[in-house]
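The values are calculated or read from the model by the stated rules, or taken from the named source; none is laboratory data. What you are looking at is a predicted structure, and each value in this text was computed from that prediction instead of being measured. Note: ideal-geometry Cβ built from the backbone for every residue, glycine included; neighbour counts use all protein chains shown. Ligands, DNA and RNA are stripped out before the accessible areas are found, and what is left, the full protein with its side chains, is counted by its heavy atoms. Shrake-Rupley method; radii C 1.70, N 1.55, O 1.52, S 1.80 Å.
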Amino acid sequence: MIASNDYERQVEDVRIKVPWGHIAGKWWGSKSIRPILCIHGWQDNSGSFDPLILQLPDHISYLAIDLPGHGHSSRIGDGMIYSMETYFYTVMLICDHYRWEKVSLMAHSLGSVVSFFYASTFPNKCDMVIGFDTLKPYSNIFKLIQRHFSKGLQRSLDADVRNRQKQEPPSYTYEELLAKTKSGIFLQINGESAPYLLQRAVLPSATLPNKYYFARDNRLKATPIPMMAHDMLIMFAKNISSPYCFIKSSLKPKVENQEHYDEIVQIMSKNLNFEIHSVDGDHHVHLNDSAKVSGIVSTFINKYRPREIFSKL
């Protein structure tokens, strides 16, 4: 049992069979209740949601997954590359596995982009979305994409060769792993939060005592940055009809076209069930300072999946 200040909630490790292996995750709460599916960000894992879930309504269950190649989940096949379609298809497979007619989504960053597409593509199958700090794919970052492809794809190729040769990645002391976790791109992780990610992110070295390596697939570094033409994003945004709560942090780096972002917000605001909130914090505020977002999230959950009418599996 894992205890919060107000109640105890049971958490169980799960493995969901998929064609290339399995998706690992943690199921918080009753298995008889359709959970909120929690999808983490790029190179994170399900531990990203640990502190937050303990502060959320306990009449609902939560299934926090590790995306393919992340955490304890299987990697995709050799010679392949990760993409938005990989993660989107993973959500479809999970829904099919549990035979859910609808899905509730709570997601961060890359996971939020997946949720945006899912809510638009299957508006009748999504009954709620909570997104942290990324609302949609980017639409005007060509130079960033160009730099990413020129360097990232080569790193992916190198990692793929190493995977096939069964080479162990570089190893570090635990203190060095903490420092790397806190200094990565968009990873403004504080010292108290880093262990939530590291517990599912590293394995002990087979050759170097007291050293560990990142177990996630290094091909993830070359995952294409979610990007789409603005006109197409407008069409996707117009097709979203489910209740939608977007929480943005005040310190997220400015890398997208502000006018494009504002137009998508304006379109989604025509949905009477759309909410947008801003909180002080960085890209990982839901992990670093979950109390800043837990009240907003709890109110949203209680409104659209209240205790008295929660959905059964």
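Details
- Between Gln167 and Glu259, the contour length at 0.36 nm per residue exceeds the Cα-Cα span by 28.5 nm.
- Calculated FRET value between Gln154 and Asn239, using beta carbons and R₀ = 41 Å, to 0.05: 0.65
- Oblate is the label for region 13-66, because the ratio a/c of its alpha-carbon gyration tensor axes (a ≥ b ≥ c) is 1.5 or higher and a/b is not greater than b/c.
- Region 83-124 shape via C-alpha gyration tensor axes, a/c threshold 1.5: prolate
- Accessible surface, the chain, averaged per residue in Å² (probe 1.4 Å): 46 Å²
- Only DSSP H runs of four or more residues enter the estimate; each adds -39500 (n - 2.57), and after division by the residues of the chain the mean residue ellipticity at 222 nm equals -10500 deg cm²/dmol.
- Reported label for calculated Rg/Rh (Cα atoms, Kirkwood Rh) given (i) 1.02; (ii) 0.94; (iii) 0.96: (ii)
- Between Cys95, Cys38, Cys245, the GNM of the chain built on Cα springs shorter than 10 angstrom shows Cys95 fluctuating the most.
- Listed residues Met84, Met268, Met232 arranged by accessible area, highest first, probe 1.4 Å: Met232, Met84, Met268
- Between Glu175 and Tyr89, the modelled labels are 4.4 nm apart [label points 7 Å from Cα along Cα→Cβ].
- Judged by the gyration tensor of its Cα atoms, with axes a ≥ b ≥ c, region 169-313 is prolate; a/c meets the 1.5 cut and a/b is the larger of a/b and b/c.
- When the chain is treated as a GNM with alpha-carbon contacts under 10 Å, the residue of Gln154, Gln43, Gln55 showing the greatest mean-square fluctuation is Gln154.
- A simple spin-label model places pseudo-atoms 7 Å from Cα toward Cβ; at Ile276 and Met228 they are separated by 1.7 nm.
- Apolar share of the accessible surface for the chain: 53 percent from carbon plus sulfur atoms, 1.4 Å probe.
- If the chain linking Lys17 and Glu192 were pulled fully straight, counting 0.36 nm for each residue of separation and taking away their Cα-Cα distance, it would gain 59.7 nm.
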